[in-house]
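Structure record follows, encoded as structure tokens.
The values are calculated or read from the model by the stated rules, or taken from the named source; none is laboratory data. Please read these numbers as outputs of a predicted model, since none were measured by experiment. Note that each Cβ is placed from the backbone with ideal geometry, even for glycine, and that neighbours are counted across all protein chains shown.
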Amino acid sequence: MAQVTKRLTAAGETRYDVRTRIGGRVVTKTFDRRKDADGYATTIEAQRLAGYAVDPAGGRMTVLELAELWLSSNPAKRALREQTWVGVPPVTRP
């Protein structure tokens, strides 16, 4: 469940932090308005319940890392490994 907390900055401005757990880790996002924070909390909770909430840190994975993970996830795909890299520039190949 997403949690909205109010806090003050060093300059005395009000901020609202939304904390939720996605993919086994806590994700925090900050908003200037309570309305925006509540809207984000509602949206992220609906996504979690539907099963498609995505961890923002997951975007730090490169396409090459994702391809390696995908190919190694299923033994049936390993036979196609060399065919998969046909046409891919050598700079991006493992």
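If you scan the stretch 43-72, which residues turn out to be farther than 22 Å from ARG21 by Cα and not in a helix (DSSP H, G or I)?
Let us first name the residues in the stretch 43-72 that are farther than 22 Å from ARG21 by Cα, namely 62-72.
Of everything in the stretch 43-72, just one residue is farther than 22 Å from ARG21 by Cα and not in a helix (DSSP H, G or I), namely THR62.
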Being loosely packed, with under 15 Cβ neighbours inside 10 Å and modelled with pLDDT of 95 or more narrows it down to one of ALA50, ALA11, ALA46, so name that one. ALA11
What tally of residues in the stretch 23-50 results from selecting those that are in contact (Cβ under 8 Å) with a residue 12 or more places away in the chain, within 18 Å of GLU13 (Cβ to Cβ) and not hydrophobic (A, V, I, L, M, F, W, C)? 6
Within the stretch 1-26, track down each residue that is in contact with a helix residue (DSSP H, G or I) (Cβ under 6 Å, 6 or more places away or on another chain) and of a type in the set (A, V, I, L, M). ALA2, VAL4, VAL18
For VAL18, state whether it is surrounded by 11 or more Cβ atoms within 10 Å (Cβ to Cβ) and farther than 30 Å from LEU69 by Cα. yes
